[in-house]
Amino acid sequence: MDFTNTTRSTELLEQLRDFVKARVDPAIDTVDAERAAHPTTPSPTTEQLCSEAKSAGLWNLCVRHPDHGPGLRFTEYAPLAEFLGPNPLAQEVTNCDAPSNINGDAMIVYGSPQQKGQWLEPQLDGQIKSAFAMTEPAVASSDAGNIATTAVQDGDHWVLNGRKWYISGVLHPKCTYMMTVANTDPDGPAHGRHTQFIVPVDTPGVTIVRNLPKFGYLDEDGHVELTLDDVRVPDANVLGDIGGGFAIGQARLGPARVQHCMRIIGITEEALRLMCERAPVRSTFGAAVSTRSNVMDWIGEARIEIEAARLMVMRTAWLMDTQGDKASAPHMSQIKVQVMRTATTVVDRAIQVFGAAGVSEDTPLARWYASLRGLRIADGPDEVHLMGIARRELRRHA
Ligand SMILES: Cc1cc2nc3c(=O)[nH]c(=O)nc-3n(C[C@H](O)[C@H](O)[C@H](O)COP(=O)(O)OP(=O)(O)OC[C@H]3O[C@@H](n4cnc5c(N)ncnc54)[C@H](O)[C@@H]3O)c2cc1C
């Protein structure tokens, strides 16, 4: 395995750093104010930055399919994603923000030509965004076989009924459709009874009930609860095959996890940087906090854990690049568990070093902690990944 960065990735990273420093970071407050004043309208400053990123060739960097974007391999995108990780606005203005980035990846593989024209192309162009709607409050959704929302055929349409929650991104002013998982064959096999539908957010019968918090933090793009009441979508909105919803969901989650992990390593590095800046300038009982052996251990351990996590992510990215997503599936589960654990541990230690300031909103640490802790549940709870890893090990040694 050779993880040497390619020339194009190195050059793009430099260009991206310059662009974010010069144009994106100074605009964060303006964008926040625009979003707060007009939550349902795209922020004009964000739109301006999108068009600048596009002209500069810093657009769709996460799109690995060369027919639809720059075609960077995952190993090439990893340093860019790590840099973008702590900066949501930079992710958005380069069109690399979740979950649209991953829905696009799935649509490229599973979408019909008509679906690509109607949904994928405008999304890749930055005109629209999308969400992924699977989880339901009434059933244990870490087992996708439980998903209970129904879709019943009626002529050349399907009629969906159900309730979803924690659906991320729906409140983004450009969110136009949801890839929605529904049960089309209640008596079918657990992994063959679901189908994915493209449900436009403005279809009659789609009702957003509330935005759900993470430890009290509300994301402006939302993690919403919503109901589907006799929502009618045409046959043309079936994504992939009837009964193929589970397989598409699994295929979609692979690239989602690896990209999440890359971005989160960037956040973890930032948390370590903050901890290392803070510890030397706070003194207690006659010595700087940074000289205490437990704090030195935390810093040393954080460095080791980040290096280990990054290497695991790079290996997974390399396997995806060279052997495909399916061959890399066991490694995706491993990094999903390991990176989130590392990140929550490092951010937790950084919070401790900051004292009360660590739980305030004067640093990003508390908000990061809430997000990272949530990610030990989202995209499959740790325990479900561990079950899959353990089952493989048991088979291997049987
Ligand atoms: C911030 C955030 C964003 C999200 N965004 C989205 C989104 O955009 N779209 C979407 O569809 N969903 C989203 N989700 C939902 C998320 O995917 C689900 O919460 C997750 O799949 C778990 O389902 P559940 O909440 O129903 O937990 P349950 O299935 O009820 O599981 C509860 C707990 O049971 C334990 N458990 C489950 N299975 C096992 C096992 N085999 N062995 C041991 N223990 C087990 C685990 O500890 C698990 O946490 C999001 C969640 C969060 C927190």
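Which pairs have Cβ atoms under 8 Å, sit 6 or more apart or on different chains, and link a residue in the range 166-177 that is at negative phi to one that is of a type outside the set (Gly, Ala, Ser) and near the ligand (Cβ under 7 Å from one of its atoms)? That search, which allows pairs on different chains as well, returns Ile167/Phe132; Ile167/Thr135; Ile167/His223; Ser168/Pro99; Ser168/Phe132; Ser168/His223.
Take Ala22 and tell me if it is assigned to a helix (DSSP H, G or I), under 19 Å from the mean Cα position of the chain (by Cα), of a type in the set (A, V, I, L, M, F, W, C) and not assigned by TED's automatic domain parsing to the domain that holds Arg367. Talk me through it step by step, then tell me what you get.
Details: assigned to a helix (DSSP H, G or I): yes; under 19 Å from the mean Cα position of the chain (by Cα): no; of a type in the set (A, V, I, L, M, F, W, C): yes; not assigned by TED's automatic domain parsing to the domain that holds Arg367: yes.
The answer is no for Ala22.
Pairing each residue of the range 27-41 that is outside any loop (DSSP other than H, G, I, E, B) with any residue that is loosely packed, with under 13 Cβ neighbours inside 10 Å, provided the two are 6+ apart or on different chains, yields C-beta distances under 7 Å for Glu34/Pro44. Residues of the range 199-250 that are more than 14 Å from the ligand (Cβ to nearest atom), closer than 21 Å to Asp379 by Cβ and not in a loop (DSSP other than H, G, I, E, B): Leu239, Ala247.
Filter the range 124-155 down to residues that are among the polar types (S, T, N, Q) and in contact (Cβ under 8 Å) with a residue 40 or more places away in the chain and give me whichever is farthest from the ligand (Cβ to nearest atom). Applying the filter and picking the extreme gives Gln127. Taken together, Ala350, Ala370, Ala390, Ala343 contain a single residue that is modelled with pLDDT of 95 or more, within 13 Å of the ligand (Cβ to nearest atom), surrounded by 15 or more Cβ atoms within 10 Å (Cβ to Cβ) and hydrophobic (A, V, I, L, M, F, W, C), which is Ala370. Only a single item in (1) surrounded by fewer than 22 Cβ atoms within 10 Å (Cβ to Cβ); (2) farther than 30 Å from Phe197 by Cα; (3) within 23 Å of the chain's Cα centre (by Cα) is not met by Ala271, and it is number (1). Is there a residue being under 30 Å from Ile306 (Cα atoms), more than 16 Å from the ligand (Cβ to nearest atom) and not in a helix (DSSP H, G or I) anywhere in the range 267-283? Checking the range 267-283: at least one residue is under 30 Å from Ile306 (Cα atoms), more than 16 Å from the ligand (Cβ to nearest atom) and not in a helix (DSSP H, G or I).
The values are calculated or read from the model by the stated rules, or taken from the named source; none is laboratory data. Everything numeric here is computed off the predicted structure, so don't read it as measured data. Every residue, glycine as well, gets a Cβ built from its backbone with ideal geometry; the counts of neighbours run over all protein chains shown.
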